[in-house]
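Each remark here refers to the structure printed beneath this line.
The values are calculated or read from the model by the stated rules, or taken from the named source; none is laboratory data. Please read these numbers as outputs of a predicted model, since none were measured by experiment. Glycine gets a Cβ as well: all are built from the backbone with ideal geometry, and neighbour counts include every protein chain shown. We work out accessible area using only protein heavy atoms, side chains counted, and drop any ligands, DNA or RNA first. Shrake-Rupley method; radii C 1.70, N 1.55, O 1.52, S 1.80 Å.
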Amino acid sequence: MTSQLSAAVGPDSTDTIPHLRSLTIRRPAMSEHGLLDYITRDDSLVWARRGEGTVGFGEVARFEAAGPQRFTLARAWWAAVSESAQVDNPLEHPGTGLIAFGAFAFSYSSTYASKLVVPRIVVGRNEECSWITYTVADAEAPLSIEAAESELAQLLEEYSPEHELTHGTDQLVAGQISEADYMDSVRKGVSVIESGAITKLVLARDAVAELASPIAVAQVLRQLALRYIDCWTYSVDGLIGATPEMLVRVRGDIAEARVLAGTLDRATAPLGDGDYARRMLLEDEKQRHEHRLAIDSLTEQLGPLASGMDAPDEPFVLQLPNVWHLASDVRATLSANADGSVPGVLDLAEIFHPTAAVCGTPTKEAGRILRDLEGMDRGPYAGPVGWIDTRGNGELGIALRGGVVESPTSVRLYAGCGIVAASDPTEELAESWAKMRPMREALGL
């Protein structure tokens, strides 16, 4: 059905750059459900929030890399692809034209292959319009709106995943880190913080959902999109979830980020206390301290790249179905380089990742300690996930509140908690379960 070009690379390899042709056409307005009408295939690429975003089908090119140069190699490959591509895009909105979906490993030492995937068909929607982008790698292939619409209709109508019910029991089992091991790691993390080596450490754990029937990925994504409307629902090559945190969004010379740090489980909230979240988050010294560390880390990195920045002094309380978070939205005008260009989304992602909110403070030292204490490979958990276009625009969230589909009936879930001197191991374990709740509920666990 599709033509595919792959590039699995290492630091010293030279890769064949695909020569792509891409056509973007405005489409009629979508229904009130927006992109939800197109999230029907388990193999789709998805980035959606409040019915807007992009859904990708098929694959015409792929890049993969691992190690400390994964961002550098991805940026070089995408720049070469963009330069060689023939792009017909009269819309010029961010996200229109040729795009790639991406997912990156949290750590340079991870065995997970960071990737960029260029879809054959993209259906998109923003506040201004809806569109379809059709991309081919074959120089002789027809490139027309008629061919795109015909193939899209076929993809949507003929897909019938095997989700037959089987006999068995769905269960959630321990992953690489047991509950007892996680609480022990939290205790050790607190000791390291009390020694003065670091100020904050983010420790993660995993659990594995073993299901009796094949996972209905599209159904899981739709449930996440409907329940967690203030989050960005994502799906890239088996990495699925709904993140509330935006690592960086770039539109022209404007960069934006949503920073979260400080969490309160809604399941334990007393009934009838409308002031509970504000009191427990905004007036809590531990929560405010954790949030301030995350904000300061971001603004220190962004400051030298910006000619102006809006970083509010006071966070707000973000209400999600499972938890409340302390949140801050940061916006900056990017300074131009000597050649007049501004940093693109992949440039900023490499600079900002990992943030203090998912690693610790100071970040480099926290990352070293985390590798010793955490005892697992995070894979893409807490790494950048989202999309990029050929003009440097893009949206890369932090892959939270999700998991990795490891087999037709197995999903590995992840969650992490910010540890400071006042952290309690039992409370942090409970918070990690609360952060896994979106995926647990979407999977029917």
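Results, tabulated for the structure shown:
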item	result
Filter result (more than 16 Å from Ala48 (Cα to Cα), open to solvent by 10 Å² or more (accessible area, probe 1.4 Å) and either among the hydrophobic types (A, V, I, L, M, F, W, C) or at pLDDT below 95 (or both)) within segment 118-140	Ala137, Asp138, Ala139, Glu140
Pairs, first within 15 Å of His353 (Cα to Cα) in segment 67-92, second surrounded by fewer than 19 Cβ atoms within 10 Å (Cβ to Cβ), C-beta under 6 Å, six or more apart	Gly67/Tyr108; Pro68/Tyr108; Gln69/Pro11; Phe71/Glu350
Residue match in segment 400-410 (condition: assigned to a loop (DSSP other than H, G, I, E, B) and out of contact with any Gly (no Cβ under 8 Å at 6 or more places or on another chain))	yes
Any hit, segment 265-277, residues being assigned to a helix (DSSP H, G or I), open to solvent by 10 Å² or more (accessible area, probe 1.4 Å), among the hydroxyl-bearing types (Ser, Thr, Tyr) and at pLDDT below 95	yes
Filter pass, Arg331 being open to solvent by 30 Å² or more (accessible area, probe 1.4 Å), without any contact (Cβ under 8 Å) to a residue 40 or more places away in the chain and under 27 Å from Leu224 (Cβ atoms)	no
Some residue of segment 233-250 being open to solvent by 60 Å² or more (accessible area, probe 1.4 Å) and touching a Pro at 6+ places or on another chain (Cβ under 7 Å)	no
Given (1) hydroxyl-bearing (Ser, Thr, Tyr); (2) open to solvent by 70 Å² or more (accessible area, probe 1.4 Å); (3) assigned to a loop (DSSP other than H, G, I, E, B), index of the condition Ser307 fails	(3)
Test: residue in segment 409-416 that is more than 19 Å from Leu116 (Cβ to Cβ) and aromatic (Phe, Trp, Tyr)	yes
Inter-residue pairs, beta-carbon under 6 Å, first farther than 11 Å from Leu20 by Cβ and in segment 125-150, second basic (Lys, Arg), 6+ apart	Cys129/Arg26; Ser130/Arg27; Trp131/Arg26; Trp131/Arg27; Ile132/Arg27
